[in-house]
């Protein structure tokens, strides 16, 4: 037999709601009611600390409840902890045909407050047969699924203006994207994706979502940066929700700032969602801290892409820098990088590690020194994506047994 209740959402904005009781339970009720813009009256001889802090935004009647206090009310919550008082309030509400939520006695209530979770414009209310703890546990699981995009929240009908979200997808493992990024991805109309983005997440998208490849490989570009800028702006101006999904963090050698500037110049709303940068996460996944007490107090991140394209790096300034050096996109010019650091003054015996496909099941680490790493990489067929770490912190991985 089904539970004899009728689920309903109430618009109580600007309407009088009476809360009887001044303890923590009443305070929680008042907080939710104020969030819904209700006109709240609290009837209680004393208030707990949380309610006292809200006394300027509620009407407080500082005495015990008496019949007549519900006049003009649309809804009443009673939470005095005194069964006789709560029963009187419930009886007066029944006589006045006002819905009454009775804390601690769900079976004697004429109304119930479900466990509620809200994500953006989605509201989910959970009732579990008068068992509030069970309802709260289910609510918590639903809230997590909504926050991470596991539950479908994508609007099938678009309303309002388009926008762009520049999302850092993290170092590779799809579980390392932020919950904010995951939720925006699930709500997208079009996803413009990079080669190193967590592509497994694309399989979870609604079939109606358009996926545009914008990957940049070492020797080939699917789209130029100008074309990417024009594409995301054009789609947003057409009213679409655009996600630009990148690997790592969009502002760490990801040209995300250029895309954000293109949106700003076109008057397109743009949100930047930070990502876990591979410059830190990939070494960490291999057991290498970029900083370590008594070993390295700083780290510098360098784009090896510069050297690969023949642009000059001043090794005499880079090599003497204190701390760890982390090279992204440095596989192709690895021999030049190692030789340049030695010319700049770094020891040929300085430890080096190359971590390929960091955080993925196929992750592989190659250990060497500045003198040996280029030959070792050739022998092992090292390929990008890979992160190169130079410094004594590399030896920590051996201490960890990694």
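The values are calculated or read from the model by the stated rules, or taken from the named source; none is laboratory data. These figures come from a predicted structure and were not determined experimentally. Every residue, glycine as well, gets a Cβ built from its backbone with ideal geometry; the counts of neighbours run over all protein chains shown.
Structural remarks
- Set 101, 89: member being crowded, with 19+ Cβ neighbours inside 10 Å and assigned to a strand (DSSP E or B): 101
- Taking the stretch 220-239 as the range and being crowded, with 19+ Cβ neighbours inside 10 Å, in contact with a helix residue (DSSP H, G or I) (Cβ under 9 Å, 6 or more places away or on another chain) and more than 25 Å from residue 173 (Cβ to Cβ) as the test, the residues that pass are 229, 232, 233, 236.
- Of all residues in the stretch 8-24, those satisfying the criterion of being at pLDDT 90 or above and either within 15 Å of residue 76 (Cβ to Cβ) or buried (at least 17 other Cβ atoms within 10 Å of the Cβ) (or both) are 12, 15, 16, 17, 18, 19, 20, 21, 22, 23.
- The set of residues in the stretch 145-179 being under 11 Å from the mean Cα position of the chain (by Cα) and at pLDDT below 75 consists of 147, 148, 149.
- Single condition residue 336 does not satisfy, out of (1) at pLDDT below 95; (2) surrounded by fewer than 17 Cβ atoms within 10 Å (Cβ to Cβ): (2)
- With a requirement of 1 or more residues that are touching a residue at least 40 places away in the same chain (Cβ under 8 Å), under 25 Å from residue 125 (Cα atoms) and in the same structural domain as residue 96 (by TED's automatic domain parsing), the strands (runs of 3 or more DSSP E) lying completely within the stretch 1-82 that satisfy it span 16-20, 75-78.
- Any hit, the stretch 195-207, residues being at pLDDT 95 or above and within 23 Å of the chain's Cα centre (by Cα): no
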